[in-house]
Amino acid sequence: MLDRFVDNSPWLGHLAVDPATRSNTSVCLSFTDSQVAALDADDQAAFAKGIVSALDKEGVAYDIGSYRDAPPGLRIWCGATVETSDLEAMLPWLDWAFATQKASLKAAA
């Protein structure tokens, strides 16, 4: 389900490009949007933190930021303790948070 969302997303991709090297439990995602990819590393990290913060503030997702030493992105836990319905409910919020952050880039320009 999460793979389908990523495959259909114009702004999101798997950090591990090769499906054979992807984790099924700790899914790491990167930003593929050209405007976001053009940002320097610090601004990409700030962009990712903005998404994580917005989702946390809305009570939608917690602690989904990428690891400190990983490229900026999202890390979504999909282990046995997570209900599929909860992941499905989160997906539209990912689009919302991305759109909100991207709008803030345009406003700052």
| request: Tell me, please, whether a residue that is of a type in the set (Ser, Thr, Tyr), out of contact with any helix residue (DSSP H, G or I) (no Cβ under 9 Å at 6 or more places or on another chain) and more than 19 Å from Ser9 (Cα to Cα) can be found in the range 34-51. | output: no
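Results for (1) within 17 Å of Lys102 (Cα to Cα); (2) of a type in the set (Val, Ile, Thr), shown as yes or no for each residue.
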{"site": "Ala20", "(1), (2)": "no, no"}
{"site": "Ser23", "(1), (2)": "no, no"}
{"site": "Ala38", "(1), (2)": "yes, no"}
{"site": "Ile51", "(1), (2)": "yes, yes"}
{"site": "Asp56", "(1), (2)": "no, no"}
{"site": "Val60", "(1), (2)": "no, yes"}
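Within the range 39-82, how many residues are in a loop (DSSP other than H, G, I, E, B) and among the β-branched types (Val, Ile, Thr)?
Summing the residues that are in a loop (DSSP other than H, G, I, E, B) and among the β-branched types (Val, Ile, Thr) in the range 39-82 gives 4.
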| request: Specify which of the listed residues (Leu91, Leu87) is hydrophobic (A, V, I, L, M, F, W, C), in contact (Cβ under 8 Å) with a residue 60 or more places away in the chain and either in a loop (DSSP other than H, G, I, E, B) or more than 25 Å from Ser104 (Cβ to Cβ) (or both). | output: Leu87
| query | Across the range 1-55, what is the number of residues that are surrounded by fewer than 16 Cβ atoms within 10 Å (Cβ to Cβ) and closer than 20 Å to Ser85 by Cβ? | reply | 7
| Counting only residues that are touching a residue at least 60 places away in the same chain (Cβ under 8 Å) and over 28 Å from Asp42 (Cβ atoms), which one in the range 66-84 is surrounded by the fewest Cβ atoms within 10 Å (Cβ to Cβ)? | Thr84
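Taking the criterion of being more than 11 Å from the chain's Cα centre (by Cα), on the phi < 0 side of the Ramachandran plot and of a type in the set (D, E, K, R), would at least one residue in the range 44-51 satisfy it?
No, there is no match, as no residue in the range 44-51 is more than 11 Å from the chain's Cα centre (by Cα), on the phi < 0 side of the Ramachandran plot and of a type in the set (D, E, K, R).
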| note | Within the range 1-38, the count of residues that are touching a residue at least 12 places away in the same chain (Cβ under 8 Å) and in a loop (DSSP other than H, G, I, E, B) comes to 10
| field | Odd one out for Lys106 among (1) exposed (fewer than 12 other Cβ atoms within 10 Å of the Cβ); (2) assigned to a loop (DSSP other than H, G, I, E, B) | value | (2)
| said: I'd like to verify a number: residues in the range 67-83 that are in contact with a Phe, Trp or Tyr (Cβ under 9 Å, 6 or more places away or on another chain) and hydrophobic (A, V, I, L, M, F, W, C), how many? | reply: 1
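Taken together, the values in this text are just the output of simple stated rules run on the coordinates, not laboratory data. Computed from a prediction, not measured in an experiment: that's the story for all the values here. For neighbour counting, all protein chains shown are included, and Cβ atoms are generated from backbone atoms with ideal geometry for every residue, glycine included.
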